[in-house]
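Accompanying notes for the structure given below.
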Amino acid sequence: MKKILYDSINMSVVNCIKNTDRKLKILDLGCGTGLTGKYLKSFISCEITGVTYSNEEAEKASKHLDKVFV
């Protein structure tokens, strides 16, 4: 069976995040490969912790997020 990785930016989540003057701490449940977090980090000051069910996704997400848990 082929593994499916969540590898896209969730714009409905991005649109809920407001840029502020302070550094945000974001918990991304179901972070997949971390692309939503990577996108957020490109325009706001934030620390992102991701949680995913897949070791393969976690490995990819760890390149973009501050911490990742499986």
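The values are calculated or read from the model by the stated rules, or taken from the named source; none is laboratory data. Quick caveat: nothing in here was measured; it's all calculated off a predicted structure. Please note: Cβ atoms are built from the backbone with ideal geometry, for glycine as well, and neighbour counts cover all protein chains shown. Keep in mind that these areas ignore ligands, DNA and RNA; they rest on the heavy atoms of the full protein, side chains included. Shrake-Rupley method; radii C 1.70, N 1.55, O 1.52, S 1.80 Å.
Scanning region 26-47 for residues that are under 9 Å from Leu65 (Cα atoms) and either over 8 Å from the mean Cα position of the chain (by Cα) or basic (Lys, Arg) (or both) gives Lys38, Lys41, Glu47.
Might you check whether a residue that is open to solvent by 10 Å² or more (accessible area, probe 1.4 Å), under 12 Å from Asp7 (Cβ atoms) and in a loop (DSSP other than H, G, I, E, B) occurs anywhere in region 58-68? Within region 58-68, one or more residues are open to solvent by 10 Å² or more (accessible area, probe 1.4 Å), under 12 Å from Asp7 (Cβ atoms) and in a loop (DSSP other than H, G, I, E, B).
Of the residues making up region 1-35, those that are open to solvent by 100 Å² or more (accessible area, probe 1.4 Å), within 22 Å of Glu56 (Cβ to Cβ) and part of a loop (DSSP other than H, G, I, E, B) are Met1, Lys2, Lys3, Ile4.
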